[in-house]
Amino acid sequence: MRRTFSWLVPVAVLIGTAGATTAPATAATAAPRTQDIKERLLAIPGMHLVEEKPVDGYRYFVLTYTQPVDHRHPDRGTFEQRLTVLHKSVDRPTVFYTSGYNVSTPPSRSEPTQIIDGNQVSLEYRYFTPSRPQPADWKKLDIRQAADDQHRIYQALHRIYGKNWIATGGSKGGMTATYYRRFHPDDMNGTVAYVAPNDVVNDEDSAYDRFFRTVGTPECRTALHKITREALNRRDEMDARFAGWAAKEKKTFRLFGSVDRAYEVLVTDLEFGFWQYQPAATACKDVPSPDVSTDALWTWMDEVGGFESYTDQGVESYTPYYYQAGTQLGEPGYGYPHLKGLLKYPGINNSRTFVPREIPMEFDKRAMPDVDRWVRHHAQRMMFVNGQWDPWSSEHFELGRGARDSYVYTVPGGNHGSNIAKLKDADRTKATASLLKWAGVDTGGKATAQAPYNRKLDRQEPHRTAPLRP
């Protein structure tokens, strides 16, 4: 099953010839520090400027970097990977931000960037357009290849930004930051992974069933059960409306097979989507009663789930995520006991439904257990921030005896927008102090953000343009 959008703050090379693609950047090849930062960036072989945008207090660049399609065989083709650089100073630490999806090109800062008052490099995940090789060999979309993308970007930029680096990201971006540390543990000085799911055994998802039995209040859970049952009781009426809307908006349902199948997937995602994104403290009172008008039901379902998200056009740009969910990352599989007797297509709500049939998928059962073992036994300077009422936090990263200077925090009542700022006071202070220490920032013992809040750069934006995903 999919769950939607990387929640977090808005987002956010071939070196020489093919035979030299794996060679690290060296001080000997670095441009002089006296050069303008744009000149220094563009002096890196394989780096190309798309545009520079004005940002108060920063220089901001949208770039592309030439990467091998296959890092194990760098002579077998390349593609252009998009990234952005929010430049403050070469004397400040740098945050390496990944959303796990497309990179956002409007300027923005992640929470760690604000806390340490640093630079930010934001990377688009491979195979999300336009960072997709042509033709696309989908077998080259895996967590190791993506980690190697980050490693080569880091090698190229570290000669300019020589201070400490912090990897971060939210949801799939937090997963991405974690996988990067697993395969290149010495690149970063620290990692902050927000609401990052950890589906170690894809076929064992009882944690999600336990979550939905206990999350929130009994009254809120009952209200959600009643309205989702009612949504299926009105299937014929809602199907007709969905089909009419789709025809008007030129939307189709080829992947799903029919509007009815798409509608059922949407309904089975509603409860997950509600807890993932809604402000539960206030949203429960807005859950409609079963006797609500069809117009009001449509409006609520569109707000929580998004009808456009369950069309071919709403799914298309997220094919790389669904492919990875069905080949390595795993996905939640939980029951719908409150919908008993109303489902016509049990089992349809999985990643295979969302990936075109001409793209083969085979699940790798070794990938996630390998990462989990590494985090438990080898994590150093890593921080995981979860939300108590976020479904994705049902299966989260945990630390073992081998972990050092690493922490797992939970935001009370937090959803998929949980971050350091929303932690309890003591946890927030400790987490902030750890991050500043890892970044090498001397604050005189004060665990406070080093840059003031900026309404334009630090805004949090809920994203809801694709079926529910991390």
Cα centroid separation, the stretch 402-464 to the stretch 70-135 (Å): 21 Å
Gap separating the Cα centres of the stretch 298-347 and the stretch 174-245, nearest whole Å: 10 Å
DSSP loop GluC sites (Glu not before Pro) in the stretch 344-448 with at most 11 other Cβ atoms within 10 Å of their Cβ, which ones? Glu358, Glu362
Under the rule of at least 5 residues apart or a separate chain, name every residue whose amide H is placed under 5 Å from the amide H of Val411. Asn386, Gly387, Gln388
Using Cα positions and a limit of under 26 Å, work out the lysines in reach of Lys285, with same-chain residues fewer than 8 apart set aside. Lys226, Lys340, Lys422, Lys424
Per residue, how much accessible surface does the stretch 143-199 expose to a 1.4 Å probe? Answer in Å², no decimals. 18 Å²
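Go through 196-208, 86-98 and give me the packing order, highest mean Cβ count within 10 Å leading. Don't skip to the end; give the middle numbers.
Values: 196-208: 17.8, 86-98: 23.6.
So the peptides 196-208, 86-98, ranked by packing, come out 86-98, 196-208.
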At a 1.4 Å probe radius, which order do Asp302, Asp70, Asp370 fall into by accessible area, largest first? Asp302, Asp370, Asp70
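Using a 1.4 Å probe over the heavy atoms of the protein chains, calculate the carbon and sulfur portion of the accessible area of the chain as a whole percent. Walk me through the numbers before you get to the answer.
On the way: 9370 of 18720 Å².
Its accessible area is 50 percent carbon and sulfur atoms.
Looking at the stretch 251-332, which trypsin sites (Lys or Arg not before Pro) are in a loop (DSSP not H, G, I, E or B) and have at most 15 other Cβ atoms within 10 Å?
Details: sites: Lys251, Arg254, Arg261, Lys285; in loops: Lys251, Arg254.
The qualifying sites are Arg254.
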So, with points 7 Å from each Cα along the Cβ direction, the His48-Val90 label distance in nm works out to 2.5 nm
Considering only the chain, percent of DSSP beta bridges that pair antiparallel, nearest 5: 50 percent
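Is it possible to state the helix-based mean residue ellipticity at 222 nm for the chain, with each DSSP H run of 4+ residues giving -39500 (n - 2.57), the sum divided by total residues, to the nearest 500 deg cm²/dmol? What is it?
After summing the helix terms and dividing by residue count, I get -9500 deg cm²/dmol.
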So how much slack lies between Arg357 and Asp442, counting 0.36 nm per residue of separation and subtracting their Cα-Cα distance, in nm? 25.2 nm
Probe 1.4 Å, all protein chains in place: accessible area of Arg234 in Å², nearest 10? 40 Å²
Sorting Thr429, Thr178 on solvent-accessible surface, 1.4 Å probe, most exposed first, gives Thr429, Thr178
Say each of Ala247 and Ala426 gets a label point 7 Å from the Cα, pointing the same way as Cα to Cβ; how far apart are those two points in nm? 6.2 nm
Any idea of Asp236's accessible area? Nearest 10 Å², probe 1.4 Å. 120 Å²
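So how do 154-164, 400-410, 444-454 stack up, highest first, on mean other-Cβ count within 10 Å?
On the way: 154-164: 19.6, 400-410: 15.3, 444-454: 12.5.
Averaged packing, sorted descending, gives the order 154-164, 400-410, 444-454.
Could you put Glu271, Glu237 in order of accessible surface area, largest first, with the 1.4 Å probe and the full protein assembly present? Let's see the in-between values first.
On the way: Glu271 15, Glu237 95 Å².
Sorted by accessible area, descending: Glu237, Glu271.
The values are calculated or read from the model by the stated rules, or taken from the named source; none is laboratory data. No experiment lies behind these values; they were computed from the predicted model shown. Neighbour counts run over all protein chains shown; Cβ positions are idealised from the backbone, glycine included. Accessible surface is based on the protein model in full, side chains and every heavy atom, while ligands, DNA and RNA are left aside. Shrake-Rupley method; radii C 1.70, N 1.55, O 1.52, S 1.80 Å.
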